[in-house]
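Bear in mind these aren't lab numbers, they're just calculated from the coordinates by the rules spelled out. This structure is a prediction, so every number in the text was calculated from the model and none was measured. Backbone-built Cβ (ideal geometry, glycine too); neighbour counts: all protein chains shown.
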Amino acid sequence: MVSRVIPVDDFDLVIFGSTGDLARRKILPGLFRRFLSGQMPEGSRIIGAARSDIDADGYREMIRDAIAEFGGAEKRNKKALDAFLGQIEYVSIDALGDGGWQALAKLVRKDVIGAFYFSVAPSLFGALAERLQSHKIADANSRIVVEKPFGRDLGSAKELNATLAMHFDECQIYRIDHYLGKETVQNLMAVRFGNMLFEPLWNNHYVDHIQITVAETVGVGGRGGYYDKSGAMRDMVQNHLMQLLCLIAMEAPHQFDADAVRDEKLKVIRALQPLDPHHLVRGQYDAGPKTASYREDAENPRSHTESFIAMKAHIANWRWAGVPFYLRTGKRLKAQTSEIVVVFKDLGHSIFEGDEKRHRNILTIQLQPNEGMTLQVTIKEPGPGGMRLIDVPLDMTFADALGPDAEDVPDAYERLIMDVIRGNQTLFMRGDEVEAAWAWTDPIIEGWQARNDVPKHYDTGSAGPEDAMMLMHRDGRKWRELKG
Ligand code: NAP
């Protein structure tokens, strides 16, 4: 199969926060892989920017170490790594001061695409945006990439949007949610809107319910202090889970372009019904045999912050009226997995005598650890003995059919950075979407604060608090087992 890597024009990509965890773990190893795929033309450069007082050679060594630590098999390609490092520059800069800005202005060219990745704390976004303009480093063609968290409530998100809007147009702002860069998430849209088969069934006539799970085995570890002010709702639900919900539930956009897709996602968020507090379960993990409890990790013995949340949400529109969307996410759970499960309704009547088992078509979209899609279908068990029915998963990933290209799938960050360079905002959140998501989550948070809700305890390595199981059991349903 012919490689489908799309060439990009020359660019200067400035990474603010280039010495930080995200840059070292994800952004730089990802860019090296894109370099290897031929998507970093010789005339392009990556310019690291942080306060650390190092020179370009020192920074290149830092990248070499980061790729050795976090890169995949490609890190063994020493010659290519040297060539990649030859396209790296570094400027020591303070987002809040004047040092370094003139040096950056000299480095960034105006005749190539200019992209500025804000991989720093959100409190620095405004200062960076303002200085990029006042030092005339950015222009109307530049793009800025901002990381999550985008605010901690509607008020702060609006403020952040307004600050960025003072310096950049909405079409220049790329709010990243790396879940949207996953191959399977895009495949979900291809499956939904590129086939006749699913769309007619994608509604309350045929779908019983939908589950969205993002489960982690890790605890809050080193980021306990930050996490304790945030919790699972702000850290995961308001962004990742709601974005996945939108893609599952949205109407077909009239075309696959940024605003058409984001308009449809926004309609879903606006159609979410206020959450019934009885449909919400919050939890906190207890200590495991060798691991600390949430409160110990957060160094807050009285913390009421949730490390787990499960909820039943409803979308009030014609397509989804009456169909529950069960969302759950948590830390220190049994398995590390992210998946969306679409459970179709039971057959109204079985013609097969003696077959009393409930057969259901279940579409499972796995985002991690392995990206893929399976559709559970009912078939006849092979062999003699009459019409015995069994349920088998039909693999819709089709890695075999796609050949080696299927293996060379860029990771989410790589894909999204290349989308920034190409100027494609489809997989990025628009300002109004982020605000609408906060407008839905804020009253839920305010509600539990007003009730003094205390999170339920759950065992490390479990599937979360018992109440989360009950949330489903009460409806005669059950969560899909957490499997890594
Ligand atoms: P981090 O490890 O603390 O790195 C912060 C970076 O910002 C460092 O390079 C630091 O370098 C630089 N910096 C701090 N103050 C600065 C200033 N005044 N001027 C210029 N540079 C400054 O943080 P991170 O984990 O990489 O996270 C970066 C952003 O990504 C945050 O918004 C975070 O919420 C978001 N994020 C991170 C992850 C992740 O996996 N790490 C995942 C999702 C989102 P110097 O000290 O040298 O200046």
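Structure summary
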| quantity | calculated |
| --- | --- |
| Cα shape, the chain, gyration tensor, a/c 1.5 rule | prolate |
| Sequence-separation-based contact order of the chain, relative, with Cα cut under 8 Å and 6+ spacing, percent | 18 |
| Three-way shape call for the range 11-147 based on the alpha-carbon gyration tensor, with the a/c threshold at 1.5 | prolate |
| Hits among lysines - C-alpha to C-alpha of LYS75 under 23 Å, sequence gap 8 or more where chains match | LYS26, LYS182 |
| Percentage relative contact order, the range 11-147, counting C-alpha pairs under 8 Å, at least six apart | 32 |
| The range 152-158 - phi-based ³J(HN,Hα) in whole Hz, Karplus 6.51/-1.76/1.60, Gly and Pro as x | 10, 6, 4, x, 6, 5, 5 |
| Restraint check, LYS229/LYS456; LYS265/LYS312; LYS110/LYS158; LYS331/LYS483, Cα-Cα greater than 21 Å | LYS110/LYS158 |
| Beta bridges by DSSP in the chain, antiparallel share as percent, to the nearest 5 | 55 |
| Peptides ranked, highest mean first, by Cβ atoms within 10 Å: ranges 280-288, 72-80 | 280-288, 72-80 |
| 5 angstrom amide H check on VAL91, placed H, neighbours 5+ away | GLY48, ALA49, ALA50 |
| Nonlocal amide H pairs with ARG45, under 5 Å, H built at 1.01 Å | PHE11, ASP12, LEU13 |
| Cβ-based charge dipole, the range 405-484, positive-most Cα from ILE444, GLY476, THR460 | GLY476 |
| The chain, helix-only ellipticity at 222 nm - DSSP H runs n ≥ 4, -39,500 (n - 2.57), divided by all residues, nearest 500 | -9000 deg cm²/dmol |
| The range 332-338 - phi-based ³J(HN,Hα) in whole Hz, Karplus 6.51/-1.76/1.60, Gly and Pro as x | 6, 8, 5, 8, 9, 7, 10 |
| Centre separation in Å (Cα based) which lies between the range 60-116 and the range 176-227 | 33 |
| log₁₀ of I(q)/I(0) at q = 0.15 Å⁻¹ - the range 53-122, Debye sum with one point per alpha carbon | -0.66 |
| Protection proxy ranking, peptides 97-106, 208-217, 294-303, average beta carbon neighbours within 10 Å, highest first | 208-217, 294-303, 97-106 |
| For the range 247-382: rounded, prolate or oblate by the Cα gyration tensor [a/c cutoff 1.5] | oblate |
| Between helix 183-194 and the chain: long-axis angle, C-alpha atoms, 0 to 90°, nearest 10 | 60 |
| Burial ranking of peptide ranges 21-30, 450-459 (average Cβ count within 10 Å, highest at the top) | 21-30, 450-459 |
